[in-house]
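Student: One structure is given below, represented as structure tokens, and several questions about it will come after.
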Amino acid sequence: MSTLMHEKIQVLLEEDCCHDCEGYGEDGICVHIEAIAELPTRFGDFHIVAFSNNRDDKEHVAIVKGDVIGADDVPVRLHSECLTGDAIGSLRCDCRDQLEAALKKIGGMERGMVLYLRQEGRGIGLTNKIRAYTLQDQGLDTVEANLALGFRDDERDYAVAAHMIHSLKVQSVRLMTNNPKKIAQLEQHGVKVNERLPHILPTNEHNLFYLQTKAAKSGHMIDFRGKGHMAEQSDPTIVEGMSEDQVKALYE
């Protein structure tokens, strides 16, 4: 792990202790760096940076590979918390697959980061997500279920993510996403997005309709027509058992 990177973030942490700004977005969200530690994982060696914010009691983290401070074109994945998928392995969504694939990819790169955002259930919370599951079991799709509960189809807000990126002094990003709303919101908050990195993963029988709804109703850039060599499906293939050097070579 990079000692220099750790020292740089430590300096940011000390500088950030008295940070005060007008905030981002309609709610004036302001985040603070609270702690940093080394994080060796099965996907590679990272640093983990904890953030607080002035909006609620939710804590968000940046899982950082390499030296991103002051860097351009940093590969970034925004991942919203999903207890049922990330921790339990639910097949109703592709959240765990997305998280692990992002960590594998970034773990094999020189630098990059995954922002883990506490926005369970597209921002409606865990209990309401379970209520939405109940409605989906009765035949509604993801969007219809959220609307039936009185929410928008997607309640997530990426102002916190934008502030986290700026707090780490990242100059520009290559955003790993299929969701154009993430790009639009980051740019709205002053983050320079120089490229979209498609993040397409295989479906299963339980999440296919969920992903089709994402594409049809939420504008996600996912293609289900089976055409070969789509730009969205051009990421290098990572196979279990590949060494770090082999994975890194795919992106050189």
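Student: Could you tell me what fraction of 2.2 N^0.38 Å the Cα radius of gyration of region 1-133 comes to, as a two-decimal ratio?
Tutor: Relative to the 2.2 N^0.38 Å estimate, region 1-133 comes out at 1.12.
Student: Provide the gained length on full extension for the span LEU91 to HIS166, in nm with one decimal, where the gain is 0.36 nm per separating residue minus the Cα-Cα distance.
Tutor: 23.6 nm
Student: Considering amide H positions built from the backbone, and no H for Pro or chain starts, which residues 5 or more places from ASN178, or on another chain, come under 5 Å of its amide H?
Tutor: HIS199
Taken together, the values in this text are just the output of simple stated rules run on the coordinates, not laboratory data. Model, not experiment: these values are computed from the prediction.
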